[in-house]
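A.B. asks: Below is a structure I'd like to ask you about.
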Amino acid sequence: MKVIHSISELKETLCASRREGKTVGLVPTMGALHDGHASLVKRSVAENDVTVVSIFLNPTQFNDPKDLERYPRTLDADCALLEACGAQIAFAPSVKEVYPEPDTRVFSYPPTDSVMEGAFRPGHFNGVCQIVSKLFAYVEPDKAYFGEKDYQQICVIRRMVDDLGLGLEIVACPVVREESGLARSSRNTLLTEQERGIAANIYRVLKESCHLVAGVQAVHDFVVTKINAVPGLEVQYFSIVDGNTLADIKDWKDSESVVGCITVFCGSTPIRLIDHIRYK
Ligand code: AMP
(Lines give C-alpha, C1' and ligand atoms only; values in the text may rest on other atoms or scores of the structure.)
Protein backbone atom coordinates (compact mmCIF):
# COMPACT_ATOMS: atom_id res chain seq x y z
CA MET A 1 0.00 0.00 0.00
CA LYS A 2 1.20 3.48 -0.92
CA VAL A 3 0.98 6.22 1.69
CA ILE A 4 0.60 9.54 -0.12
CA HIS A 5 0.67 12.99 1.48
CA SER A 6 0.47 15.35 -1.50
CA ILE A 7 -2.47 16.03 -3.81
CA SER A 8 -0.25 16.13 -6.91
CA GLU A 9 1.24 12.69 -6.21
CA LEU A 10 -2.24 11.31 -5.55
CA LYS A 11 -3.54 12.68 -8.86
CA GLU A 12 -0.55 11.36 -10.82
CA THR A 13 -0.89 7.90 -9.30
CA LEU A 14 -4.63 7.75 -10.05
CA CYS A 15 -4.15 9.08 -13.56
CA ALA A 16 -1.87 6.15 -14.31
CA SER A 17 -4.45 3.70 -12.88
CA ARG A 18 -7.23 5.23 -14.93
CA ARG A 19 -5.17 5.00 -18.12
CA GLU A 20 -5.08 1.26 -17.47
CA GLY A 21 -8.89 1.32 -17.28
CA LYS A 22 -9.02 0.69 -13.54
CA THR A 23 -12.03 1.71 -11.41
CA VAL A 24 -11.47 3.74 -8.26
CA GLY A 25 -13.28 3.57 -4.90
CA LEU A 26 -12.88 6.24 -2.21
CA VAL A 27 -13.40 5.82 1.53
CA PRO A 28 -13.15 9.15 3.38
CA THR A 29 -12.17 8.85 7.07
CA MET A 30 -10.76 10.92 9.90
CA GLY A 31 -8.47 8.12 11.12
CA ALA A 32 -8.53 6.24 14.45
CA LEU A 33 -9.78 3.39 12.32
CA HIS A 34 -11.77 0.42 13.63
CA ASP A 35 -13.91 -2.45 12.29
CA GLY A 36 -16.59 -0.01 11.11
CA HIS A 37 -14.14 1.71 8.78
CA ALA A 38 -12.67 -1.66 7.80
CA SER A 39 -16.08 -2.82 6.55
CA LEU A 40 -16.24 0.15 4.15
CA VAL A 41 -12.68 -0.43 2.95
CA LYS A 42 -13.26 -4.15 2.35
CA ARG A 43 -16.41 -3.41 0.38
CA SER A 44 -14.55 -0.89 -1.78
CA VAL A 45 -11.68 -3.33 -2.32
CA ALA A 46 -14.19 -5.97 -3.45
CA GLU A 47 -15.96 -3.59 -5.85
CA ASN A 48 -13.08 -1.53 -7.35
CA ASP A 49 -9.62 -2.07 -8.84
CA VAL A 50 -8.08 0.68 -6.72
CA THR A 51 -9.22 1.77 -3.26
CA VAL A 52 -8.12 5.13 -1.86
CA VAL A 53 -8.70 5.70 1.86
CA SER A 54 -8.29 9.27 2.99
CA ILE A 55 -7.17 9.86 6.57
CA PHE A 56 -7.73 13.50 7.39
CA LEU A 57 -8.93 15.02 10.63
CA ASN A 58 -10.88 17.81 8.97
CA PRO A 59 -10.82 20.92 11.18
CA THR A 60 -13.66 22.70 9.34
CA GLN A 61 -16.27 20.16 10.46
CA PHE A 62 -15.48 20.49 14.19
CA ASN A 63 -17.62 23.15 15.80
CA ASP A 64 -16.15 22.32 19.24
CA PRO A 65 -12.34 22.85 19.44
CA LYS A 66 -12.14 20.53 22.49
CA ASP A 67 -13.67 17.72 20.43
CA LEU A 68 -10.98 18.19 17.76
CA GLU A 69 -8.22 18.38 20.37
CA ARG A 70 -9.13 15.10 22.07
CA TYR A 71 -9.95 13.21 18.86
CA PRO A 72 -7.69 10.10 18.76
CA ARG A 73 -4.78 10.15 16.27
CA THR A 74 -3.32 6.74 15.32
CA LEU A 75 -1.79 7.00 11.81
CA ASP A 76 0.62 4.02 12.05
CA ALA A 77 -2.07 1.65 13.30
CA ASP A 78 -4.47 3.04 10.69
CA CYS A 79 -2.05 2.25 7.85
CA ALA A 80 -1.52 -1.28 9.18
CA LEU A 81 -5.30 -1.86 9.24
CA LEU A 82 -5.71 -0.49 5.70
CA GLU A 83 -2.90 -2.66 4.40
CA ALA A 84 -4.57 -5.72 5.97
CA CYS A 85 -7.89 -4.76 4.31
CA GLY A 86 -6.22 -4.64 0.89
CA ALA A 87 -6.41 -0.88 0.20
CA GLN A 88 -3.96 0.35 -2.45
CA ILE A 89 -3.58 3.98 -1.33
CA ALA A 90 -3.76 5.77 2.02
CA PHE A 91 -4.04 9.49 1.43
CA ALA A 92 -2.99 11.43 4.55
CA PRO A 93 -2.51 15.10 3.66
CA SER A 94 -1.67 17.94 6.07
CA VAL A 95 -4.18 20.68 6.85
CA LYS A 96 -2.04 23.11 4.79
CA GLU A 97 -2.14 20.78 1.80
CA VAL A 98 -5.96 20.64 1.84
CA TYR A 99 -6.58 24.22 2.94
CA PRO A 100 -3.75 26.41 1.59
CA GLU A 101 -6.31 29.19 1.96
CA PRO A 102 -9.36 29.22 4.25
CA ASP A 103 -12.32 27.50 2.56
CA THR A 104 -15.04 30.15 2.20
CA ARG A 105 -17.50 28.01 0.25
CA VAL A 106 -20.98 27.67 1.70
CA PHE A 107 -23.10 24.56 1.15
CA SER A 108 -26.72 24.53 2.19
CA TYR A 109 -29.08 21.58 1.66
CA PRO A 110 -32.02 22.00 4.03
CA PRO A 111 -33.62 20.24 5.69
CA THR A 112 -30.96 17.50 5.44
CA ASP A 113 -28.19 19.70 6.85
CA SER A 114 -30.22 22.08 9.03
CA VAL A 115 -31.97 19.62 11.39
CA MET A 116 -30.57 17.36 14.14
CA GLU A 117 -26.74 17.37 13.92
CA GLY A 118 -27.02 20.44 11.70
CA ALA A 119 -28.96 22.31 14.37
CA PHE A 120 -26.82 21.21 17.32
CA ARG A 121 -23.45 21.46 15.53
CA PRO A 122 -23.67 24.66 13.48
CA GLY A 123 -21.32 24.59 10.49
CA HIS A 124 -20.63 20.86 10.85
CA PHE A 125 -22.16 19.77 7.55
CA ASN A 126 -20.74 22.77 5.74
CA GLY A 127 -17.31 21.50 6.81
CA VAL A 128 -18.22 17.96 5.76
CA CYS A 129 -19.27 19.20 2.30
CA GLN A 130 -16.10 21.27 2.01
CA ILE A 131 -13.79 18.32 2.65
CA VAL A 132 -15.81 15.67 0.81
CA SER A 133 -16.17 17.86 -2.30
CA LYS A 134 -12.40 18.44 -2.28
CA LEU A 135 -11.71 14.71 -1.90
CA PHE A 136 -14.12 13.95 -4.77
CA ALA A 137 -12.22 16.49 -6.92
CA TYR A 138 -8.79 14.99 -6.08
CA VAL A 139 -9.79 11.34 -6.52
CA GLU A 140 -12.69 11.47 -9.02
CA PRO A 141 -13.89 8.11 -7.71
CA ASP A 142 -16.38 5.85 -9.47
CA LYS A 143 -17.87 5.02 -6.08
CA ALA A 144 -17.52 6.56 -2.60
CA TYR A 145 -18.29 4.61 0.57
CA PHE A 146 -19.96 6.06 3.67
CA GLY A 147 -21.27 4.42 6.84
CA GLU A 148 -24.90 4.56 7.88
CA LYS A 149 -23.46 5.13 11.34
CA ASP A 150 -23.56 8.80 10.28
CA TYR A 151 -26.98 8.49 8.71
CA GLN A 152 -27.60 12.21 8.28
CA GLN A 153 -24.19 12.71 6.67
CA ILE A 154 -25.12 10.32 3.85
CA CYS A 155 -28.34 12.25 3.16
CA VAL A 156 -26.43 15.55 3.00
CA ILE A 157 -23.74 14.10 0.72
CA ARG A 158 -26.31 12.61 -1.65
CA ARG A 159 -27.86 16.09 -1.94
CA MET A 160 -24.45 17.62 -2.62
CA VAL A 161 -23.63 15.03 -5.30
CA ASP A 162 -26.97 15.76 -7.03
CA ASP A 163 -26.47 19.51 -6.68
CA LEU A 164 -22.96 19.52 -8.12
CA GLY A 165 -23.90 16.99 -10.81
CA LEU A 166 -21.09 14.66 -9.82
CA GLY A 167 -21.37 11.39 -11.64
CA LEU A 168 -20.36 9.06 -8.86
CA GLU A 169 -22.21 6.47 -6.83
CA ILE A 170 -22.61 6.90 -3.08
CA VAL A 171 -22.57 3.50 -1.40
CA ALA A 172 -24.19 3.41 2.06
CA CYS A 173 -22.77 0.66 4.31
CA PRO A 174 -24.52 -0.79 7.38
CA VAL A 175 -23.49 0.15 10.94
CA VAL A 176 -20.88 -2.13 12.51
CA ARG A 177 -21.59 -2.63 16.23
CA GLU A 178 -19.76 -3.92 19.25
CA GLU A 179 -21.10 -7.16 20.73
CA SER A 180 -23.15 -5.08 23.18
CA GLY A 181 -24.92 -3.33 20.29
CA LEU A 182 -23.02 -0.05 20.76
CA ALA A 183 -22.21 1.44 17.34
CA ARG A 184 -18.44 1.30 16.74
CA SER A 185 -16.99 4.81 16.84
CA SER A 186 -13.55 6.36 17.15
CA ARG A 187 -14.95 8.30 20.11
CA ASN A 188 -15.74 5.04 21.98
CA THR A 189 -12.07 4.86 23.00
CA LEU A 190 -12.71 7.98 25.08
CA LEU A 191 -15.30 6.09 27.16
CA THR A 192 -14.38 4.13 30.31
CA GLU A 193 -15.24 0.43 30.39
CA GLN A 194 -18.22 1.23 32.63
CA GLU A 195 -19.42 3.99 30.31
CA ARG A 196 -19.26 1.62 27.35
CA GLY A 197 -21.61 -0.70 29.22
CA ILE A 198 -23.96 2.19 29.94
CA ALA A 199 -23.83 3.39 26.31
CA ALA A 200 -25.04 -0.03 25.09
CA ASN A 201 -28.47 0.93 26.42
CA ILE A 202 -28.91 3.40 23.56
CA TYR A 203 -29.28 0.76 20.84
CA ARG A 204 -31.09 -1.62 23.20
CA VAL A 205 -33.84 0.96 23.75
CA LEU A 206 -33.96 1.92 20.04
CA LYS A 207 -34.48 -1.75 19.12
CA GLU A 208 -37.14 -2.14 21.82
CA SER A 209 -38.99 0.87 20.37
CA CYS A 210 -39.39 -0.95 17.04
CA HIS A 211 -41.75 -3.43 18.69
CA LEU A 212 -44.11 -0.82 20.12
CA VAL A 213 -47.51 -0.52 18.53
CA ALA A 214 -48.01 3.19 19.10
CA GLY A 215 -48.03 6.58 17.41
CA VAL A 216 -44.90 8.48 16.42
CA GLN A 217 -45.02 10.83 19.42
CA ALA A 218 -45.49 7.92 21.86
CA VAL A 219 -42.52 6.05 20.37
CA HIS A 220 -40.45 9.23 20.58
CA ASP A 221 -41.36 9.76 24.24
CA PHE A 222 -40.69 6.10 25.08
CA VAL A 223 -37.14 6.29 23.73
CA VAL A 224 -36.29 9.59 25.40
CA THR A 225 -37.75 8.59 28.77
CA LYS A 226 -36.11 5.13 28.80
CA ILE A 227 -32.66 6.41 27.85
CA ASN A 228 -32.77 9.37 30.23
CA ALA A 229 -33.68 6.94 33.01
CA VAL A 230 -30.24 5.30 32.67
CA PRO A 231 -27.76 7.04 35.01
CA GLY A 232 -24.91 8.49 32.90
CA LEU A 233 -27.00 8.99 29.75
CA GLU A 234 -28.74 12.17 28.62
CA VAL A 235 -30.57 12.49 25.31
CA GLN A 236 -29.75 15.66 23.40
CA TYR A 237 -32.36 14.97 20.73
CA PHE A 238 -34.31 12.09 19.25
CA SER A 239 -36.04 12.81 15.93
CA ILE A 240 -38.27 10.51 13.91
CA VAL A 241 -37.85 11.62 10.31
CA ASP A 242 -38.26 10.79 6.64
CA GLY A 243 -35.34 8.53 5.71
CA ASN A 244 -34.34 10.67 2.70
CA THR A 245 -35.31 14.30 3.31
CA LEU A 246 -34.99 14.05 7.12
CA ALA A 247 -38.16 16.11 7.47
CA ASP A 248 -40.12 15.41 10.69
CA ILE A 249 -42.73 12.66 10.58
CA LYS A 250 -45.95 13.05 12.54
CA ASP A 251 -47.64 9.85 11.41
CA TRP A 252 -46.16 6.51 10.30
CA LYS A 253 -48.17 6.91 7.07
CA ASP A 254 -46.33 10.16 6.24
CA SER A 255 -43.45 8.36 4.48
CA GLU A 256 -42.35 5.06 2.96
CA SER A 257 -38.99 5.36 4.73
CA VAL A 258 -38.78 6.35 8.41
CA VAL A 259 -35.75 6.48 10.71
CA GLY A 260 -35.19 7.63 14.28
CA CYS A 261 -31.95 9.55 14.82
CA ILE A 262 -30.56 10.09 18.29
CA THR A 263 -27.71 11.86 20.02
CA VAL A 264 -26.88 11.04 23.62
CA PHE A 265 -24.33 12.44 26.07
CA CYS A 266 -22.57 9.65 27.91
CA GLY A 267 -20.50 9.83 31.10
CA SER A 268 -18.92 12.69 32.96
CA THR A 269 -16.67 14.16 30.19
CA PRO A 270 -19.29 13.81 28.52
CA ILE A 271 -18.85 12.02 25.16
CA ARG A 272 -21.47 12.69 22.49
CA LEU A 273 -22.70 9.50 20.81
CA ILE A 274 -24.97 9.22 17.77
CA ASP A 275 -27.06 6.30 16.56
CA HIS A 276 -30.20 5.61 14.56
CA ILE A 277 -32.84 2.97 13.95
CA ARG A 278 -34.93 2.23 10.87
CA TYR A 279 -38.68 1.93 11.55
CA LYS A 280 -39.68 1.33 7.93
P1 AMP B 1 -15.14 9.00 10.46
O2 AMP B 1 -13.70 8.61 10.50
O3 AMP B 1 -15.81 8.98 11.79
O4 AMP B 1 -15.38 10.27 9.66
O5 AMP B 1 -15.85 7.85 9.62
C6 AMP B 1 -15.46 7.58 8.32
C7 AMP B 1 -16.52 6.74 7.66
O8 AMP B 1 -16.67 5.51 8.38
C9 AMP B 1 -17.90 7.44 7.70
O10 AMP B 1 -18.56 7.22 6.47
C11 AMP B 1 -18.58 6.74 8.84
O12 AMP B 1 -19.99 6.74 8.72
C13 AMP B 1 -18.03 5.33 8.71
N14 AMP B 1 -18.16 4.62 9.99
C15 AMP B 1 -17.71 5.02 11.20
N16 AMP B 1 -18.09 4.14 12.14
C17 AMP B 1 -18.80 3.19 11.52
C18 AMP B 1 -19.48 2.01 11.96
N19 AMP B 1 -19.52 1.66 13.24
N20 AMP B 1 -20.13 1.25 11.03
C21 AMP B 1 -20.11 1.62 9.72
N22 AMP B 1 -19.49 2.70 9.25
C23 AMP B 1 -18.85 3.48 10.13
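The values are calculated or read from the model by the stated rules, or taken from the named source; none is laboratory data. These numbers come from a predicted model, not from an experiment. Ideal geometry is used to build each Cβ from the backbone, glycine not excepted, and the neighbour counts take in all protein chains shown. Ligands, DNA and RNA are stripped out before the accessible areas are found, and what is left, the full protein with its side chains, is counted by its heavy atoms. Shrake-Rupley method; radii C 1.70, N 1.55, O 1.52, S 1.80 Å.
A.B. asks: For the list (1) part of a loop (DSSP other than H, G, I, E, B); (2) closer than 30 Å to residue 70 by Cα; (3) under 24 Å from the mean Cα position of the chain (by Cα), I need the number of the one condition that residue 256 fails.
C.D. replies: With respect to (1) part of a loop (DSSP other than H, G, I, E, B); (2) closer than 30 Å to residue 70 by Cα; (3) under 24 Å from the mean Cα position of the chain (by Cα), residue 256 is out only on (2).
A.B. asks: Of all residues in the range 185-242, which are closer than 26 Å to residue 155 by Cβ, in contact with a strand residue (DSSP E or B) (Cβ under 6 Å, 6 or more places away or on another chain) and charged (D, E, K, R)?
C.D. replies: 187, 234
A.B. asks: How about the range 110-206: which helices (runs of 4 or more DSSP H) wholly inside it have at least 1 residues that are farther than 22 Å from residue 262 by Cα and open to solvent by less than 50 Å² (accessible area, probe 1.4 Å)?
C.D. replies: Working: elements: 117-120, 124-139, 151-164.
The qualifying helices (runs of 4 or more DSSP H) are 124-139, 151-164.
A.B. asks: Residue 148 passes all but one of (1) within 12 Å of the ligand (Cβ to nearest atom); (2) under 28 Å from residue 101 (Cα atoms); which number fails?
C.D. replies: (2)
A.B. asks: Determine the pairs where a residue that is farther than 16 Å from residue 132 by Cβ, located within the range 169-182, has a partner that is within 10 Å of the ligand (Cβ to nearest atom) and modelled with pLDDT under 95 with Cβ atoms under 8 Å apart, the partner being 6 or more residues away or on another chain.
C.D. replies: Close Cβ pairs (under 8 Å, with a partner that is within 10 Å of the ligand (Cβ to nearest atom) and modelled with pLDDT under 95) amount to 178/188; 182/188.
A.B. asks: Let me ask something additional. Give the range 243-280 a look and list any residue that's β-branched (Val, Ile, Thr) and in contact with a strand residue (DSSP E or B) (Cβ under 7 Å, 6 or more places away or on another chain), or say none. Don't jump to the end; show me each part of the working.
C.D. replies: Initial filter on the range 243-280 (β-branched (Val, Ile, Thr)): 245, 249, 258-259, 262-264, 269, 271, 274, 277.
If the condition is that a residue be β-branched (Val, Ile, Thr) and in contact with a strand residue (DSSP E or B) (Cβ under 7 Å, 6 or more places away or on another chain), then 249, 258, 259, 262, 263, 264, 274, 277 are the ones that fit.
A.B. asks: Just to be sure before I move on: is residue 249 free of Cβ contacts under 8 Å to residues at least 60 places away in the same chain and touching a His at 6+ places or on another chain (Cβ under 9 Å) in the structure I sent? Outline the logic, then answer.
C.D. replies: Working: free of Cβ contacts under 8 Å to residues at least 60 places away in the same chain: yes; touching a His at 6+ places or on another chain (Cβ under 9 Å): no.
No.
A.B. asks: Looking at the structure I just gave you, is residue 206 more than 16 Å from the ligand (Cβ to nearest atom) and of a type outside the set (D, E, K, R)?
C.D. replies: On the way: more than 16 Å from the ligand (Cβ to nearest atom): no; of a type outside the set (D, E, K, R): yes.
So residue 206 does not fit the description; no.
A.B. asks: Here's a check for you: in the range 61-109, which residue that is within 19 Å of residue 140 (Cα to Cα) and under 20 Å from the mean Cα position of the chain (by Cα) is surrounded by the most Cβ atoms within 10 Å (Cβ to Cβ)?
C.D. replies: First pass over the range 61-109, keeping only residues within 19 Å of residue 140 (Cα to Cα): 87-93, 97-99.
Retained after the next criterion (residues that are under 20 Å from the mean Cα position of the chain (by Cα)): 87, 90-93, 98.
Values: 87: 24, 90: 25, 91: 27, 92: 18, 93: 19, 98: 19.
Checked the range 61-109; the qualifying residue surrounded by the most Cβ atoms within 10 Å (Cβ to Cβ) is 91.
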